[in-house]
Each structure stands twice: as structure tokens, then as C-alpha cells.
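Right, one structure below, let's go through it.
Derivation of every value follows stated rules applied to the coordinates shown; laboratory data play no part. Treat the numbers as computed from the prediction; the structure is a model and nothing was measured. No Cβ is skipped: glycine too gets one built from the backbone with ideal geometry, and neighbour counts run over all protein chains shown.
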Amino acid sequence: MIGNPAAAAGSWTRPIPAAPPQVHPVAGHGPQGCVPALGTIRRLRALAAAGWPARSLASAAKVNPRTIGHIRAGRRHYIHADIAAAVAEIYAAASSLRPEQKLPPTTSARRAIRYTRELATREGWSCTPDDWAGLDMDDPKVGPATDVIDRTYQFKRRTTTAGDVLELIRTAASRTRIRNAWARLGLGERPIVVAALSDSTRPGGKMSGAQIAALFGVSQRAITRHRMAPRPDTPAAPAVPARAS
């Protein structure tokens, strides 16, 4: 059990506001005392992309970890207003921090952080707190450019191209965003990215296999395979006609 991150590692570096952040339901009318779950889903998924384990957030919010998991997965359309306010308060404190800064330096904590980031990558929860900066997370009409939401509040996976990944690298996006984009790439797109980063005429300079592997969090062997793979834009070699006997 990871426990309450605030209690385990002292007060937050970013002070929690004296009054809990207000959650503004902008659409829908749920049961009495409940608000639309959209903003809370977005906050929990952004924290998951940053690596915050559900058990730690549940401990801080004083709710069952399953409750956090169900909300984060988009299984609730409405949630109790107290839970929404608690998550908003935790998000305000944790969104500017890495979980490694606040959770105990234990093997189980590191494992939970790694699992949460991998889960966010698999589920397509690529929007980090940085992506949401300055945006109203409770407004269904507002969202980062990469964020598309359907009626069940599930994030639809956006098709990611080699150009998207290269643009993130060019603009010095966070390593989490770059790795999430790489994870969503089709196998045919990855050789294009590796070839572009290996180009000696690249504006930022040629990257070695070790540098590319470290950037995407993969093995050098995987990068070597992508370098050797035929690129989609490379024409196939013409077939050699068999000699007549």
C-alpha cells in the first residue's frame, strides 16, 4: 500500500488552497448532491499520465481505490460532489509535482508509478497536467488539441503519425508526452521517426541509437530493428526475372 502521498512525504510543495477548488457542472442534471464526472475523469487521467497511482489518490481523497479506478475508467457519468471537490483539491496540489517527489522511495512505490504510467499509455490517456494548464477541465466544450471525448467520457485514441512525434521533439515537449505518442505509433511509422532522428542534416543534430532509445524508453535493439526495417516511402526493389533455362 502506498498510502497518503501528503502524509507520507510531508506537505505539498505547492500549497493546497485554503478553500477547495470549485467544480462547475456545466451540463446535465444528475442525482441530488452529484455533479457530472467529466472534470474528475480528466483530472484523474492527467494524474495517471504523470504517474500518480490510484491507491495514493484514493488515500488522499479518503475513498476506496476502486472508486478512483471506476471514475478514471469512465464508468460513472455522475459522482458525489464531495468526491469531485476532493479530487480537484488533490489535483491542484499534485499537478505540478512528480510522484517520485512525494511518495516513499520504496520498491512498491516505484512499481506503482511505473504501472500507472504504462496503464495511461495503453489506455490512451496522453493528456498530462501541462496539457490542461489554463483550461477548464469541467467544461465538455474545452480540451487540449489531442483530447477527443465521446458520450461515455472515454478518450478516443487519436491516430498518431511520425510527424506528430517529430513535432513534439522539435518543440521540446515533455518526455511523458513524447513517449506516449511513440507508444501510439504504428510499427510502420516508427522507422520513419528513427530515420529522421538519425539524419546527420537534422536541425537538432544526429542522435545516436542510445539517445533515441533513452528518449522513447525502449531498448537499443528495438531502435536497431527500426533502422533496418524498410520504410513505407521506400520503393521495393524490382524483382529480378528468372533466367530461361
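Simple spin-label estimate for THR161 and ARG227 gives 2.7 nm between the two label positions (7 Å along the Cα-to-Cβ direction from each Cα).
For SER108 and SER219, what is the calculated FRET efficiency with R₀ set at 22 Å and r taken between the beta-carbons, to the nearest 0.05?
With a Förster radius of 22 Å, E is 0.30.
Can you compute the FRET efficiency between GLN32 and ASP136 using 1/(1 + (r/R0)^6), with r the Cβ-Cβ distance and R0 = 25 Å? Round to the nearest 0.05. Using R0 = 25 Å, I get an efficiency of 0.55.
Once fully extended, how much extra length lies between ARG98 and ALA81, figured as 0.36 nm per residue of separation less the alpha-carbon to alpha-carbon distance?
Here the answer is 3.5 nm.
What does the charge count near GLY209 come to, summing +1 for each Lys or Arg and -1 for each Asp or Glu among other residues with Cβ under 10 Å from its Cβ?
Numbers: positive: ARG221, ARG227; negative: none.
Summing Lys/Arg as +1 and Asp/Glu as -1 gives +2.
Our coupling estimate for the range 61-78, obtained by passing each phi through the Karplus curve with A = 6.51, B = -1.76, C = 1.60 and θ = phi - 60°, is 8, 6, 10, 5, x, 5, 4, 4, x, 5, 5, 4, 6, x, 8, 10, 8, 9 Hz, Gly and Pro reported as x. Residue-wise HN-Hα couplings along the range 33-44, as the Karplus relation 6.51 cos²θ - 1.76 cosθ + 1.60 with θ = phi - 60° gives them from phi, are x, 10, 10, x, 7, 3, x, 5, 4, 4, 5, 5 Hz; Gly and Pro carry x.
Measuring max minus min along each principal axis, the C-alpha atoms of the range 162-228 give extents of 26, 25, 19 Å (largest first).
Here the Karplus curve 6.51 cos²θ - 1.76 cosθ + 1.60, taken at θ = phi - 60°, turns the phi angles of the range 84-89 into couplings of 4, 5, 5, 5, 4, 5 Hz, with x standing for Gly and Pro.
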